[in-house]
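Written below as structure tokens is the structure these notes are about.
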Amino acid sequence: MAATFFGEVVRTPCRAGTEDEEEEEEGRRETPEDREVRRQLARKREVRLFRRQTKTTLEVSLLEKHPCSKFIIAIGNNAVAFLSSFVMNSGTWEEVGCAKLWNEWCRTTDTAHLSPTEAFCVFYHLKSNPSVMLCQCSCYVAEDQQYQWLEKVFGSCPRKNMQVTILTCRHVTDYKTSESTSSLHTPFLKALKTQNFKEPPFCSLLEQPNIVHDLPAAVLSYCQVWRIPAILYLCYTDVMKLDLITVEAFKPVLSSRSLKCLVKNIPQSTEILKKLMTTNEIQSNIYT
């Protein structure tokens with residue numbers, strides 16, 4: 001049914017039947033070569049975890065092989081830079097896995113020596129306490145690859161006695177508010193947590209109708225379903241490339257129980273961050 005400009009109610013033609021027929025016709029027109037191309041593409045888009053040191057594929061999920069009590073996940077260049085500067089430089093971390101990804105936005109590299117300009121998704125545990133793990137993911141995980149990523153990392157029956165912390169960024173134009181976005185002081189943090197996460201967050205909670213997207217949303221939803229305590233810290237910024245001010249916006253999270261014991265020297269970490277930014281600028285100039 002539909003109403004015209006003059007208010008009469010008229011019946012609208014239904015295209016459901018013709019659309020179904022068109023889809024059936026397209027299916028009949030698909031050749032064996034088309035099906036083979038689709039199979040090869042699906043195989044190419046498979047998410048695989050492996051050890052770069054040995055070039056061997058992990059046969060079980062990462063957290064089955066390396067059970068943990070704390071899992072910190074940084075998604076995006078700025079969150080990755082934050083972990084690199086403030087957490088990874090405060091202890092000795094050992095690589096335990098790496099995700100192999102291929103999609104329209106991402107080609108992960110196999111090299112053992114990563115530069116900030118490359119896409120990667122690498123997992124580490126703390127040598128002095130292997131139950132503490134972190135993930136640095138600077139690459140894009142496509143929608144059809146997110147479930148695969150979750151299964152390869154968490155497994156089909158994850159442990160509930162761990163706590164997950166997710167760090168990521170979104171552009172401030174994605175933030176829904178009654179105020180003008182130009183009046184917002186960027187960057188700023190918002191938090192979203194699962195029902196089982198009982199600690200107070202170190203910033204205000206994300207208000208409705210705002211939503212989270214992509215891999216951070218998939219991880220948080222997975223933790224909610226499996227009743228795993230998890231919190232997402234989302235930094236809204238107007239600079240999506242690697243940016244010193246955006247990275248430092250995550251600093252309040254250093255006071256959280258998950259990260260507090262992992263950070264030793266914040267002034268030294270700040271200097272390391274500045275050096276990382278300088279290195280990134282030099283490499284970006286080389287590659288552009």
Q) Which condition breaks for residue 79 when tested against (1) part of a helix (DSSP H, G or I); (2) at pLDDT 80 or above; (3) open to solvent by 60 Å² or more (accessible area, probe 1.4 Å); (4) not hydroxyl-bearing (Ser, Thr, Tyr)? A) (3)
(Q) Being more than 19 Å from the chain's Cα centre (by Cα), among the polar types (S, T, N, Q) and more than 16 Å from residue 155 (Cα to Cα) is the filter here; which residues of region 42-83 pass it? (A) 53, 54, 56
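Could you say whether any residue in region 137-148 is small (Gly, Ala, Ser) and over 24 Å from residue 238 (Cα atoms)?
To start, the set of residues in region 137-148 that are small (Gly, Ala, Ser) comprises 138, 142.
Going one step further and asking which of them are over 24 Å from residue 238 (Cα atoms), we end up with none.
Looking for residues that are small (Gly, Ala, Ser) and over 24 Å from residue 238 (Cα atoms), one finds none in region 137-148, hence no.
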Q) Only one of these conditions is not met by residue 156: (1) closer than 20 Å to residue 234 by Cα; (2) open to solvent by 50 Å² or more (accessible area, probe 1.4 Å); (3) modelled with pLDDT under 95; (4) not aliphatic (A, V, I, L, M). Which number is it? A) (1)
Q.
It is to be established whether one or more residues within region 234-243 are modelled with pLDDT of 90 or more, of a type outside the set (Phe, Trp, Tyr) and open to solvent by 60 Å² or more (accessible area, probe 1.4 Å).
A. yes
Q) With respect to residue 141, is the statement that it is β-branched (Val, Ile, Thr), at pLDDT below 95, surrounded by 18 or more Cβ atoms within 10 Å (Cβ to Cβ) and under 28 Å from residue 92 (Cα atoms) true? A) yes
(Q) Which pairs turn up if I take residues in region 211-235 that are within 21 Å of residue 176 (Cβ to Cβ) and look for partners that are basic (Lys, Arg) and in a strand (DSSP E or B) with beta carbon separation below 7 Å, at least 6 apart in sequence or on another chain? (A) 231/193; 234/170; 234/190
Q: Give region 172-223 a look and list any residue that's open to solvent by less than 80 Å² (accessible area, probe 1.4 Å) and basic (Lys, Arg), or say none.
A: 190, 193
Q: Taking only region 99-138 into account, find how many residues are among the small types (Gly, Ala, Ser) and modelled with pLDDT under 85.
A: 3
**Q.** Residues (part of a helix (DSSP H, G or I) and polar (S, T, N, Q)) located in region 82-98
**A.** 84, 85, 89, 90
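The values are calculated or read from the model by the stated rules, or taken from the named source; none is laboratory data. In this text, all values refer to a predicted model and were calculated from it rather than measured experimentally. For neighbour counting, all protein chains shown are included, and Cβ atoms are generated from backbone atoms with ideal geometry for every residue, glycine included. For accessibility, only protein heavy atoms count, side chains too; no ligands or nucleic acids. Shrake-Rupley method; radii C 1.70, N 1.55, O 1.52, S 1.80 Å.
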